[in-house]
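Beneath this line is the structure, given in structure tokens, with notes to follow.
What follows is calculated from the coordinates using simple rules that are stated; it is not laboratory data. Here the structure is a predicted model, which is why all the values come from computation and not from measurement. Quick reminder, even Gly has a Cβ in these numbers, built from the backbone with ideal geometry, and neighbours come from all protein chains shown.
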Number of protein chains: 2
Amino acid sequence: MIINNKTDPELRYQKMLAKLRERGCRITSHRIGLLHLIAESEGHPSAAQLYERLRLQFPTVSLATVYKTIALLKQDNEILEIDLHGQSRYDGNKPFQHPHLICTRCGQIIDGDALPSMLTINQQIEDVYGFKVQQQQQVFYGLCPKCQQVTDV
Amino acid sequence: MIINNKTDPELRYQKMLAKLRERGCRITSHRIGLLHLIAESEGHPSAAQLYERLRLQFPTVSLATVYKTIALLKQDNEILEIDLHGQSRYDGNKPFQHPHLICTRCGQIIDGDALPSMLTINQQIEDVYGFKVQQQQQVFYGLCPKCQQVTDV
DNA sequence: CTACTTGCAAAGCCTTTGCAAACTA
DNA sequence: TAGTTTGCAAAGGCTTTGCAAGTAG
């Protein structure tokens, strides 16, 4: 079994900040705060969750600002958007495409970036269908190890 | 390369009809028409597309009715819902979980149910993460064979 | 005849947008 | 100072829901 290893949040923060500067964005205190939250981004938060957390530091910040900053990071491929039935979750710590495992009982979202098939699936798709993959979204719903024990009774 | 083989739409229609009867649903002409469209469901239509097609036969039908009938079929696992960034597409012909390949140029949605890794991925997830998969949603965006030629110049 | 189904319109949810005021560089 | 960013509120797209009228069994 795999232990989830995170990228260093500080490095992620610096990288994102640099990208924003590169494109000539103004660096506001709200953006700095949000970038820190996103670089950390434990548990794949939604925009609303990021907003709630950011509001603890900046009570006047708005949800629109959160969305606008996320939009910039998406363009720079500095944040990964996970599309869950009309609600987006974000991973700014590992902004590359990887599968996610979602526990239907406790709601936990596990990064599935250690699957061997992850390395071969795109090639397989090209071999079988002649289709060239650019992006992917793989979500698996089921029971995490802990919740299986609860259910097994 | 794989030729997409469809299930017999008539068989699918009968199966769905039987399931609705089983649960004591009333069989209305609108539902019969919609079931036929869904059993056929070329190209993974959206609710709005099914509605437009159904309206040709039944000009007074409403979009709400389409959604309500789809909801029933979902509960019976007789229709597969594909979640595309806030818009749902439906496959009532092959209502089991399978990957989809979406061409970002022409918009075509290809069934990816002939991939070898499809058979092993759930086991792999259990081996690596101890996670028991119940449902999945695998969407790959990229270029279909035809559109690659256009782009290759 | 009874209970389910329908169409309509309104509401819901998340996300995006328009705009004047505020702020970064 | 000039141009970006902000918060607010409204709008947008898709889906769901409430309800009285209509219909299947």
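Observations, loosely collected:
- Above 16 Å, the calculated P(r) of region A:49-120 contains 59 percent of its Cα-Cα pairs.
- With kT/(6 pi eta Rh) evaluated at 20 °C and eta = 1.002 mPa s, and Rh the Kirkwood radius from Cα pairs, region B:2-69 diffuses with a coefficient of 170 µm²/s according to Stokes-Einstein.
- Gain upon complete extension [B:Leu56, B:Gln148; 0.36 nm per residue less C-alpha separation]: 29.6 nm
- GNM flexibility winner over chain A from A:Asp111, A:Asp83, A:Asp127 (Cα, springs under 10 Å): A:Asp127
- Prolate/oblate/rounded label for the protein assembly as shown (Cα gyration tensor, a/c 1.5): prolate
- Within chain A, DSSP assigns beta bridges of which about 70% are antiparallel (rounded to the nearest 5).
- Here is how far apart the A:Gln135 label points are across copies: 2.2 nm, shortest first, using a point 7 Å from Cα toward Cβ.
- For chain B, built as a Gaussian network whose Cα springs stay under 10 Å, the top-fluctuating residue of B:Leu54, B:Leu34, B:Leu63: B:Leu63
- Between this copy and the others, label points of A:Arg26 are 6.1 nm apart in ascending order, each placed 7 angstrom from Cα in the Cβ direction.
- When chain B is treated as a GNM with alpha-carbon contacts under 10 Å, the residue of B:Ile125, B:Ile79, B:Ile38 showing the greatest mean-square fluctuation is B:Ile125.
- Total formal charge among the other residues, if their Cβ is under 15 angstrom from that of A:Gln137, Lys/Arg +1 and Asp/Glu -1: -3
- Across peptide B:134-147, the mean count of Cβ atoms from other chains lying within 10 Å of each residue's own Cβ comes to 6.
- Sum of side-chain charges, B:Arg89 neighbourhood, beta-carbon under 9 Å (Lys, Arg +1; Asp, Glu -1): -3
- At R0 = 35 Å, FRET efficiency that the Cβ-Cβ distance of A:Asp76 and B:Arg105 yields, to 0.05: 0.95
- If a spin label sat at a point 7 angstrom from the Cα of B:Leu63 along the line to its beta carbon, the backbone N atoms of region B:75-99 nearer than 13 Å would be those of B:87-88.
- Global form of region B:32-76, assessed from the alpha-carbon gyration tensor, a/c cut-off 1.5: oblate
- Note on B:Ser46 and A:Phe96: with the Förster distance fixed at 35 Å, the Cβ-Cβ geometry gives a FRET efficiency of about 0.75.
- Cα→Cβ-extended label distance, 7 Å offset, between A:Thr120 and B:Gln14, nm: 4.0 nm
- Structural size metrics of region B:1-139, computed from C-alpha coordinates, are Rg and Dmax of 16.3, 53 Å.
- Ranked from shortest, the separations from the 7 Å Cα-to-Cβ label point of A:Gln57 to its equivalents in the other copies are 5.7 nm.
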